Amino acid sequence: MIRRTYVGVDLAAAQLTAAALQHSRPAVKLTGARREALAGVVELSSRQPNVTDPRRFVEALRRVLDPLASGEERIALSLPDRVGRLYLLETDSAFRPARRE
């Protein structure tokens, strides 16, 4: 029986952490976890590019995910709050609804 592997990745400024789970009734089994340092690779900013060294970032991501993923192509990604900030804009008038044709 082929079991699906669920992979979760947590991206932070200092490290990249991943965990892999397999669901088998009645429990969930942790199949592995890995962590990789990202010093000097990621800068958390809402205005500038976050990945300062793309080559090192991809290498770190592969070192973390390749042993855990087991061929799984989908992952769940957790990003720091600072990356997803919203900026409120003041407008003079309300937006009109989209026109349907």
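Quick note: the coordinates plus some simple rules give every number you see, no bench work behind them. None of these values were measured; they are calculated from a predicted model.
A compact table of results
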quantity	calculated
For I75, residues with placed amide H under 5 Å, excluding near neighbours	none
Long-range HN-HN contacts of V42 with modeled amide H, under 5 Å	T52
Derived scalar couplings ³J(HN,Hα) [the stretch 61-70; Karplus, 6.51 cos²θ - 1.76 cosθ + 1.60; whole Hz; x for Gly, Pro]	4, 5, 4, 7, 8, 3, x, 9, 5, 6
